[in-house]
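The values are calculated or read from the model by the stated rules, or taken from the named source; none is laboratory data. Computed from a predicted structure; not experimentally measured. Reconstructed Cβ throughout: ideal geometry from the backbone, glycine too, with neighbour counts over all protein chains shown. Just so you know, the surface numbers come from the protein's heavy atoms only, side chains and all, with ligands and any DNA or RNA stripped out. Shrake-Rupley method; radii C 1.70, N 1.55, O 1.52, S 1.80 Å.
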Amino acid sequence: ARDLGVNAESQAPWTGRPTVAVYERAAAGVGFGPTLFDLHEQLVIASVDLIRGCPCAMGCPSCVGPADDHGPDAKAHALAVLGVLGG
């Protein structure tokens, strides 16, 4: 779990759009592993499955992280973002 990092922004400076970046945190690495790129579709599908399979109503630490960090509609927002990413 410590090998990966995630950054989500509602308007990232490099895209001007909502952006989620998953990156590797390997020592002396450049930050973006080719394996993550190759696994994009599988990662998105697994994320959607995890969120949809969670019995909570609006998002919880088990599926989208702490609700205090993401608001009361965190689950719906996460699924919407994943839908745009191809899930």
Practice item. Have a look at Pro34, Pro55, Pro13 and tell me which one the Gaussian network model of the chain (Cα, springs below 10 Å) gives the largest fluctuation. Key: Pro13
Check your understanding: What net charge is computed for the residues neighbouring Leu43, neighbours being all others with C-beta under 13 Å from the C-beta of Leu43, Lys and Arg scored +1, Asp and Glu -1?
Key -> -4
Practice item. List the cysteines in the chain whose Cβ has no other cysteine Cβ under 4.7 Å from it. Key: none
**Study point:** Å² of accessible area per residue within the chain, as computed with a 1.4 Å probe and no ligands counted
**Key:** 74 Å²
Review point. For the chain, what does -39500 (n - 2.57) per DSSP helix run (n ≥ 4), summed and divided by total residues, give at 222 nm, in deg cm²/dmol to the nearest 500?
Key: -11000 deg cm²/dmol
Exercise for review: With springs connecting C-alpha atoms under 10 Å apart, model the chain as a Gaussian network and identify which of Ala76, Ala27, Ala12 has the largest mean-square fluctuation.
Suggested key: Ala27
Review point. For Kirkwood radius over Cα pairs in Å, the listed values are (1) 14.7; (2) 13.9; (3) 12.4; which was obtained by calculation from the structure presented?
Key: (2)
**Study point:** Between helix 40-53 and the chain: long-axis angle, C-alpha atoms, 0 to 90°, nearest 10
**Key:** 20 degrees
